[in-house]
Number of protein chains: 2
Amino acid sequence: MDLNKRLRNKKAFDLIMTAEEAANLIENNSVIGVSGFTPSGYPKAVPLALAERGKKEKNFKLDIYSGASCGPEIDTALTNAHVIRKRLPYHTNPVIRKAINAGEIEYLDMHLSMSPQYLNYHAIPNIDVAIIEAVAITEDGHIATTSAVGNTPSFIKNADKVIIELNVRKPLELEGMSDIIILDNPPNRKVINITKPDDKIGTPYVECGFDKIAAIVVTDLQDKTRPLTPVDETSKEISDNIITFLKGEVDKGQLTNSLLPIQSGVGSVANAVLYGLCESDFENLTFYTEVIQDSMLELLKCGKAVFASATSLSPSPDALKIFEEDINFYKDKIIFRPEEISNNPEVIRRLGVIAINTALEADIYGNVNSTHVSGSKLMNGIGGSGDFSRNASITIFTTASTAKDGLISSIVPMCSHVDHTEHDVMVLVTEQGYADLRGLSPKERAVKIIENCVHPDYKEQMTSYFERALDNGAKHTPHILEEAFSWHINYKNKGTMKL
Amino acid sequence: MDLNKRLRNKKAFDLIMTAEEAANLIENNSVIGVSGFTPSGYPKAVPLALAERGKKEKNFKLDIYSGASCGPEIDTALTNAHVIRKRLPYHTNPVIRKAINAGEIEYLDMHLSMSPQYLNYHAIPNIDVAIIEAVAITEDGHIATTSAVGNTPSFIKNADKVIIELNVRKPLELEGMSDIIILDNPPNRKVINITKPDDKIGTPYVECGFDKIAAIVVTDLQDKTRPLTPVDETSKEISDNIITFLKGEVDKGQLTNSLLPIQSGVGSVANAVLYGLCESDFENLTFYTEVIQDSMLELLKCGKAVFASATSLSPSPDALKIFEEDINFYKDKIIFRPEEISNNPEVIRRLGVIAINTALEADIYGNVNSTHVSGSKLMNGIGGSGDFSRNASITIFTTASTAKDGLISSIVPMCSHVDHTEHDVMVLVTEQGYADLRGLSPKERAVKIIENCVHPDYKEQMTSYFERALDNGAKHTPHILEEAFSWHINYKNKGTMKL
């Protein structure tokens, strides 16, 4: 293997060691910052070695900060080894989810745009060691990131030590696709000079230097990105409803046929929604988003979309293969930015992003729960949905109207946890239809949501709640507090929200 | 009265008419945009004439958009005359509050930064007539606003007709204190080039032109700003706790002695909090806020603060007198901006504003309710608190730990309405102490809030809820849904939250 293309200074070769040796450089009770965003661009070998160390060493504990979700080499392995004490700002892993809900791990569920800011403001304990996946290290010891930028720039800036996983499996062509900038803290922060998704304002490398690099571990491990489930009928209907809504906006002259830059959440439903755009009449679409999934690659490929700005590329294993084979096609159509920039309110509001995110549940007044099952049990986290939904020109939330074969209504009288408030949610979409809530009072929203979005099986029951709430007291946001969670409680006790 | 100084084109004189005549230019079912923000800079004579018209004309209905809260000439008079059909984006008036909660008026409670954006995006019905208070009309028919800018620029831009109330009581020295800019809609929106509170980026006038001006009504009515209640012991203790927290940040080197630009909500408590700064060791303070109240004028006067950017000046009647007498002192220390700018996430996050806002209730996990009593009854609205709290470098919420002589605990197991989520609230302050929630998981927050912020009378009861919730199921955000609102329900049934 010719490492000279990827390690451009002799100093680098002296730092090469095994994952175990690198893991042993980390002291107990350290705060670790790992590269990556969604299961993409995250370190694998050193975390696995840390997990092994955790199995042997009594009370070996680490706080783990990341960009967003990581692969199982971090969240599964380190959870199973009981190494993680605190975790932030986001995860999507079933093993750590169970440990968080069992009270074994303290989890801080943050707006992703805020996570580097908390670090740079010293509002959370500082990073001791950053573990960063790289495709190359420059002559000056600066880092070319792989398929995700995430919080890597801020982690490296703040860390005492940096451990690099040089991943030789990742194509060197990724170099140059990142646009790196770190914002100064106020009062010295400057304008973020992005007025179009493809504006470049930074450097292709993360500043580091050999003084900080404590170890280089050479790996060839592939990201464990998630396969996508096939597009089902419900997702297709949700997608159709979104496109109908957007077409209506174009027809009214409120949007052009190129819309505005789109942000879309992650996962099979989100991906299915975007696939719908392939067959739409829209053209020259752009994305200003967090994660590039299969559908976006396809939209770029077929020419329907012209550019995607993101912080991470996280396609299915199949699509990843296609991307890597055709990387020179994509290279000038994609930018990876730090999540401080991809998720920054300044840029999102300026560009007028159209934000499409998934709700776990929504209520009749337009509040959205993205994170907690029945108010207590964490699913994943808010991720970047708040950064986008609060600042978008149009904020869309989608959910299937029911879950668990119809035993759960995703639209409830009152959300058991609120991540996106009535002030933020503009359009609610289910497979039943869409409710454009803009300009409506809470009562007007309830009427429209019940009519357009609630599943027929729950309409009568919801109408009954709303009508009785209207007679119950103050009529701005009518509720019956004694009954507001009765659907959730009924599900817990009887296995169905049907009363 | 020499009007030539204020009306600088002969055309203006031809447009002078009575308030009644101007009110008669407005068609039934119109959408009206009124100037002003807080009871300051709002039109008075024409709204009073519209109320009279409403009393005589059957089913005379208007939708009223404003900058924020207005004086009684609008919200009391037009409510009592049954003229208002829909009202947005904010109010603080007891008469309209009653009508909203009685279901007589549809009210849309919006993030203030979003209200001009909704209008400019045509996401809400357009303004037919703008009624704007002015100190002068230029030769070209452009408008010099009075003591508030609010949404005036966007209202004039979008209105078919503009009615001016030329208020000759307001000092002409106000001219030049406003910095007017209207943001283009995406994809053409540019950077907002403010990097310090005193940066000027616009023009001193709102563009209008004589073609749009349908009437000029000359008035000399004073704003009905609210007198402030004297600083009570509880407010003083809250203020002391905030200052202790901020001093701690300075001692840790996280802030300089000039802090960062401060935003403070409106009202007697907020004002009392800022009075505490007069006796602090901080210096060269600045404000990037919505409203200038008595305390800020005093901080500027004594030299403790050096500059205030706001969208409105709304001091008590006594302080207003002092301001007007000494306007030349204040003139270069204050800028009034459109609320699209004063409240813009881009600028707030860039400047690293320290946001201090009031909670109606908060829960043990750090969610804040700013708007609804017991989940249904509207108080005022979210106003700009979301614009600031989501983007501030430090987000502080204050509340007295109890209300109604101790019968209500302002800290509850679960908020009955959420305006600011657990992801947004960094520091919670009551007269009991402060809880710095940054970096804490939900459970860690609960422990700290119960320990530092809950009133002693409710500590045992709250600890009992939290401990039983911990045994109840998922442990990320422990709750007992059957009991989450029991404190509110107990208050309704028994007049106390004490169980």
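Can you classify segment A:201-244 as rounded, prolate or oblate using the Cα gyration tensor, where a ≥ b ≥ c are the square roots of its eigenvalues, rounded means a/c under 1.5, and otherwise it's prolate if a/b beats b/c and oblate if not?
Taking the square roots of the gyration eigenvalues as a ≥ b ≥ c, segment A:201-244 is oblate.
Can you give the Kirkwood hydrodynamic radius for segment B:121-177, in Å, rounded to one decimal and based on Cα pairs?
So the Kirkwood estimate lands at 12.0 Å.
Could you tell me the ratio Rg/Rh of segment B:193-275? Both radii from Cα atoms, Rh via Kirkwood.
1.17
Report the net charge of residues surrounding A:Phe282, where surrounding means a beta-carbon distance below 12 angstrom and charges are Lys +1, Arg +1, Asp -1, Glu -1.
Residues near A:Phe282 contribute -2 overall.
Counting helices only, and only those DSSP H runs with n ≥ 4, report the 222 nm mean residue ellipticity of chain A as the sum of -39,500 (n - 2.57) divided by its residues, in deg cm²/dmol to the nearest 500.
The per-residue figure over chain A is -8500 deg cm²/dmol.
If you take every DSSP beta bridge fully contained in the protein assembly as shown, what fraction is antiparallel? Give it as a percent rounded to 5.
Once the DSSP bridges in the protein assembly as shown are tallied, antiparallel ones form about 25 percent.
So how compact is segment A:306-350: Cα radius of gyration and Dmax in angstrom?
12.5, 35
For chain B, what is the charge dipole size about the Cα centre, in debye to the nearest 20, if Lys and Arg each add +1 at the Cβ and Asp and Glu each add -1 at the Cβ?
It works out to roughly 760 debye.
When ligands, DNA and RNA are left out and all protein chains stay put, how many square angstrom of accessible area per residue does segment B:355-429 have with a 1.4 Å probe?
Accessible area per residue: 17 Å².
Over the alpha-carbon set of segment A:71-182, divide Rg by the Kirkwood Rh and report the Rg/Rh ratio to two decimals.
So for segment A:71-182, dividing Rg by the Kirkwood Rh gives 0.98.
Quick one: Cα centre-to-centre distance for segment B:392-445 and segment A:394-413, in angstrom?
Between the Cα centre of segment B:392-445 and that of segment A:394-413, the gap is 30 Å.
Could you work out the relative contact order of chain B, using alpha carbon pairs under 8 angstrom and six or more residues apart, expressed as a whole percent?
About 14 percent, as a whole number.
Against the globular-protein guess of 2.2 N^0.38 Å, express the Cα radius of gyration of segment A:156-299 as a ratio, rounded to two decimals.
Compactness ratio reported: 1.37.
Between B:Thr463 and the same site in the other copies, what are the distances in nm, shortest first, taking label points 7 Å from Cα along the C-beta direction?
5.1
Across peptide B:389-401, what mean number of C-beta atoms from other chains lies inside 10 Å of a residue's C-beta?
2
Place a +1 charge on the Cβ of each Lys and Arg in the protein assembly as shown and a -1 charge on the Cβ of each Asp and Glu, then give the dipole magnitude about the Cα centre in debye, rounded to the nearest 20.
Taking the Cα centre of the protein assembly as shown as origin, the dipole is about 440 debye.
Specify which residue in the list B:Asn369, B:Val291, A:Ala22 is farthest towards the positive end of the charge dipole of the protein assembly as shown, using unit charges on the beta carbon of Lys, Arg (+1) and Asp, Glu (-1), about the Cα centre.
Value computed over the given set: B:Asn369.
Placing a label point 7 Å from Cα toward Cβ, how far apart in nm is B:Val306 from its equivalents in the other copies, listed shortest first to one decimal?
Those separations, rounded to one decimal, come out as 4.6 nm.
In the protein assembly as shown, if the dipole is taken from +1 on Lys/Arg beta carbons and -1 on Asp/Glu beta carbons about the Cα centre, which of B:Phe155, A:Gly265, B:Gly202 is farthest to the positive end?
A:Gly265
Taking every Cα atom in segment B:251-326, find the radius of gyration and the maximum pairwise distance Dmax, and write them in Å.
That works out to 12.3, 42 Å for Rg and Dmax.
Binning every alpha carbon pair distance of segment A:27-115 at 10 Å from zero, what are the percents per bin?
In whole percents, the pair-distance histogram is 19, 57, 23, 1.
What are the principal axis extents of the Cα atoms in segment A:345-499, in Å, biggest first?
Between the extreme Cα coordinates on each principal axis of segment A:345-499 lie 45, 32, 25 Å.
Taking θ as phi - 60°, what are the ³J(HN,Hα) couplings along segment A:173-184 by the Karplus curve (6.51, -1.76, 1.60), each to the nearest whole Hz, with x for Gly and Pro?
5, 5, 4, x, 7, 9, 10, 9, 8, 10, 7, 5
Taking the square root of 5 times each eigenvalue of the Cα gyration tensor, what semi-axes in Å does the equivalent ellipsoid of segment B:148-237 have, largest first?
29, 24, 13
Can you tell me the dipole magnitude for segment B:420-489 around its Cα centre, using point charges on the Cβ only (Lys, Arg +1; Asp, Glu -1), in Debye to the nearest 20?
Using only the charged Cβ atoms, the result is roughly 200 debye.
Can you list the copy-to-copy distances for A:Asp251, using a point 7 angstrom from Cα toward Cβ, in nanometres, shortest first?
Those label-point separations list as 6.5 nm.
Take B:Asn59 and B:Thr463, extend 7 Å from each Cα along the Cα→Cβ direction, and tell me the distance between the two endpoints in nm.
It works out to 6.3 nm between the two label points.
Report the net charge of residues surrounding B:Pro47, where surrounding means a beta-carbon distance below 14 angstrom and charges are Lys +1, Arg +1, Asp -1, Glu -1.
-3
Residue-wise, which Karplus ³J(HN,Hα) couplings in Hz belong to segment B:393-398, taking 6.51 cos²θ - 1.76 cosθ + 1.60, θ = phi - 60°, and x for glycine or proline?
So the Karplus estimates, Gly and Pro as x, are 6, 9, 10, 10, 10, 10 Hz.
Based on the Kirkwood radius over alpha-carbon pairs, what is the Stokes-Einstein translational diffusion coefficient of chain B at 20 °C with 1.002 mPa s viscosity, in µm²/s?
Approximately 92 µm²/s, per Stokes-Einstein.
Using θ = phi - 60° and the Karplus curve 6.51 cos²θ - 1.76 cosθ + 1.60, what whole-Hz ³J(HN,Hα) does each residue of segment B:157-163 get, with Gly and Pro shown as x?
Each residue of segment B:157-163 in turn: 4, 8, 6, 6, 10, 10, 10 Hz.
Using a 1.4 Å probe and counting only protein heavy atoms, how much accessible surface gets buried when A and B come together, both sides summed, in Å² to the nearest 100?
The contact between B and A buries close to 6700 Å².
What figure, in Å² to the nearest 10, do you get for the accessible area of A:Val218 with a 1.4 Å probe and non-protein molecules left out?
50
Of the accessible area of segment A:124-219, with the probe set at 1.4 angstrom, what percent is carbon plus sulfur?
Result for segment A:124-219: 45 percent of the exposed heavy-atom area is carbon or sulfur.
Once you have a ≥ b ≥ c as the square roots of the Cα gyration tensor eigenvalues for segment A:287-424, tell me rounded if a/c is under 1.5, and otherwise prolate or oblate according to whether a/b is larger than b/c.
prolate
Would you mind counting up the charge near A:Asn9? Only other residues with Cβ under 13 Å from its Cβ, with Lys and Arg at +1 and Asp and Glu at -1.
+1
What residues does segment A:179-211 have that are buried by at least 50 Å² of accessible area in the full protein assembly compared to the chain on its own, 1.4 angstrom probe?
In segment A:179-211, residues shielded by partner chains: A:Pro186, A:Arg189, A:Val191.
Please work out the Kirkwood hydrodynamic radius for the protein assembly as shown, using every pair of different C-alpha atoms, and report it in angstroms with one decimal place.
29.1
When you count, for each residue, the other Cβ atoms within 10 Å and take the mean per peptide, how do B:425-434, A:235-244 rank with the highest first?
Order by mean packing, descending: B:425-434, A:235-244.
The values are calculated or read from the model by the stated rules, or taken from the named source; none is laboratory data. Values in this document were obtained by computation on a predicted structure and should not be read as measured data. We place every Cβ from the backbone using ideal geometry, glycine too, and count neighbours over all the protein chains shown. Keep in mind that these areas ignore ligands, DNA and RNA; they rest on the heavy atoms of the full protein, side chains included. Shrake-Rupley method; radii C 1.70, N 1.55, O 1.52, S 1.80 Å.
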